[in-house]
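Readers should treat all values here as calculations from the given coordinates under stated rules, not as data from a laboratory. Just so we're clear, the structure is a prediction, and the values are computed from it rather than from any experiment. Every residue, glycine among them, receives a Cβ derived from its backbone with ideal geometry; neighbour counts consider all protein chains shown.
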Amino acid sequence: MKEKSQENLLFIAWGASLISTLGSLFFSEVMKFIPCELCWYQRIFMYPLVIILGIATVKKDASIALYSAVLSAIGGSISIYHYAIQKVSFFQSTAPACGQVPCTGEYINLFGFATIPFLALVGFSIIFITSMMIIRNKG
């Protein structure tokens, strides 16, 4: 039963990474939203998760959970900062220039709070939580 639970958690983590990656590609390639610098950093941590969690899911290798937890924690931290500079006035006023596209810009704002960095944070959070559950259940 424990093994099947870990397989399901791996699949959930992989699914979250896949949906997050496809979502970011949709925004940039279909909607033509130009990613800011912080969006690129978040992509750097999300995109490899699709591959490593996909392989781990197929091979039923729960030992990848430590790596996915670390990558998702770093990516999630970037998402939190990015979301803060979009929504918190203190952070907005001290936000560094992010290149061609300002990191404070909001291409979408669903329900008054769900921006692209928020959606990335949800994906990173799902991956981090499922990874930590796998690590906790291994022992």
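Values as computed for the structure displayed
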item: Amide N proximity, the stretch 123-137 versus Ser63 label position 7 Å along Cα-to-Cβ, cut-off under 17 Å; result: 134-137
item: Electrostatic dipole magnitude of the chain [Cβ: Lys, Arg +1; Asp, Glu -1; Cα centre; debye, to 20]; result: 360 debye
item: Helix-derived mean residue ellipticity, 222 nm - over the chain, DSSP H n ≥ 4, -39500 (n - 2.57), to 500; result: -24000 deg cm²/dmol
item: Positive-end residue, the chain charge dipole about Cα centroid, Cβ charges, pick of Ile134, Cys39, Leu49; result: Ile134
item: Peptide ranges 116-123, 49-56, 131-138 listed from the most packed, as the mean C-beta count within 10 angstrom indicates; result: 116-123, 49-56, 131-138
item: Net charge of neighbours whose Cβ lies under 15 Å from the Cβ of Phe26, counting Lys and Arg as +1 and Asp and Glu as -1; result: +1
item: Equivalent ellipsoid semi-axes - Cα gyration tensor, the stretch 78-124, angstrom; result: 17, 11, 11
item: Relative contact order (%) - criterion: Cα under 8 Å, at least six apart; region: the chain; result: 37 percent
item: Protection proxy ranking, peptides 59-66, 13-20, 103-110, average beta carbon neighbours within 10 Å, highest first; result: 13-20, 59-66, 103-110
item: Around Tyr81: net Lys/Arg minus Asp/Glu count, Cβ-Cβ under 13 Å; result: 0
item: Whole-number Å³ per residue for the convex hull built on Cα positions in the chain; result: 105 Å³
item: Count of Lys pairs (Cα-Cα under 30 Å; at least 8 positions apart or interchain) in the chain; result: 9
item: Cβ-defined net charge surrounding Phe113, 13 Å radius [Lys, Arg +1; Asp, Glu -1]; result: 0
item: Length released on extending from Ser89 to Leu18, taking residue separation times 0.36 nm less the Cα-Cα span; result: 22.3 nm
